[in-house]
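The values are calculated or read from the model by the stated rules, or taken from the named source; none is laboratory data. Being a predicted model, the structure only gives us computed values, none of them experimental. Cβ placement follows ideal geometry from the backbone for every residue including glycine, while neighbour counts extend to all protein chains displayed. When the accessible area is computed, the model is the full protein with side chains, heavy atoms only, and any ligands, DNA or RNA have been set aside. Shrake-Rupley method; radii C 1.70, N 1.55, O 1.52, S 1.80 Å.
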Amino acid sequence: MAQTDSFPDYVDVDYSAGEGEDPEDYSSVNDKIEKAIEVTREGLEAYENPAVMWTGGKDSTLTLYFIKEVAEKFDLEVPPAVFIDHYQHFDGIHDFVDHWADEWDLDVIYARNEDVGEYVDENGLEPGDDIPIDALSEHNQHHVREILEYEEEDFPFLLDTYVGNHLLKTVALNDALEEYDIDGVISGVRWDEQEARADETFFSPRHDPDIYPPHDRVQPILQFDEAAVWDAFWHFVVPDTVEGFPEEGYVPEADDDLPNGLTQEDIPVSPKYFAGFRSLGSEVSTEKTTEDPAWLQDLDDTTERAGRAQDKEDLMERLRDLGYM
């Protein structure tokens with residue numbers, strides 16, 4: 001499928017589905033799961049070349065679980081997963097993604113801004129070091145100067161800044177969408193996660209060819225809150241996918257509190273969550289809040305993404321307008 005100024009007319013989805021709703025409209029985790037399955041199935045059936053965004057985090061892994069389940073139940077293909085490698089991941093995230101891609105037989109597209117990555121490697125840069133704008137490719141310079149309207153001569157090699165996030169994540173993603181002709185991006189964003197995402201709908205159009213390759217966002221877990229995500233993991237996802245895990249579910253209190261001789265490597269939950277991180281951003285700018293596993297922390301009275309520097313800057317709305325998740 002070649003991307004054009006007009007989004008393909010074979011796509012027929014309700015872009016208003018979910019308007020004015022919030023997680024409380026889905027009162028139980030079963031209600032949330034039922035809706036996730038419904039949206040996932042429609043997404044897999046409506047698009048010719050869908051893909052799922054996978055960060056290795058809990059939300060995208062939960063979304064991937066629904067995709068696998070729906071594909072198997074309704075005899076549909078599991079789409080490729082797009083992993084944005086922004087060069088500043090925790091090493092454990094790469095290990096987790098590689099391991100579960102192999103376990104689940106996934107086709108993974110590694111989206112990278114290789115122009116920036118090669119400059120960093122060739123010059124031995126560390127996060128925070130400056131990169132001259134004129135050292136970038138014409139493609140990246142266009143994004144910096146014309147789209148971001150950034151006027152400085154260089155920018156810091158940091159993910160959690162306006163230019164860094166756009167080049168390392170958004171440009172990498174949009175280039176992958178164009179290269180693989182992806183028309184539907186299935187992602188694990190949630191209404192409660194951030195104010196900039198609170199008005200999202202289950203099917204969200206991204207059709208402006210001047211900004212990104214035209215595509216739709218399919219968002220099956222908008223209705224989950226953080227607590228419901230962990231409830232779904234320990235009572236549905238893990239019992240269903242891990243042999244030997246109790247069928248009725250079990251909530252571990254630590255990485256050495258897993259039942260029936262299972263270890264952390266057997267569980268499709270990033271070790272970073274066991275270690276106290278609640279949200280996984282870049283290695284250099286994400287901090288844990290306590291030593292308790294994420295699901296045992298005070299989820300009601302503390303902020304999920306407080307440890308991520310990017311969200312302390314007022315950038316998310318602008319970045320999302322440019323194609324960020």
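Assorted remarks:
- Highest-first arrangement of 156-163, 238-245, 29-36, where packing means the average Cβ count within 10 Å: 156-163, 29-36, 238-245
- Residues of type lysines that LYS73 reaches as a straight line, Cα spacing below 19 Å, ignoring anything fewer than 8 places off in the same chain: LYS32, LYS35
- Choice from THR201, THR170, THR290 showing the highest fluctuation, given a GNM over the chain with Cα pairs closer than 10 Å: THR290
- Percent carbon-and-sulfur accessible area, the stretch 157-197, ignoring ligands, DNA and RNA, probe 1.4 Å: 43 percent
- Annotation: per residue accessible area for the chain equals 45 Å², rounded to a whole number [probe 1.4 Å, protein chains only].
- Within the stretch 189-252, none of the trypsin sites (Lys or Arg not before Pro) combine a DSSP coil assignment with at most 15 other C-beta atoms in a 10 angstrom radius.
- The stretch 194-250 and the stretch 1-78 have Cα centres spaced 8 Å apart.
- Estimated 222 nm signal from helices in the chain, with DSSP H stretches of n ≥ 4 weighted -39500 (n - 2.57), rounded to 500: -8000 deg cm²/dmol
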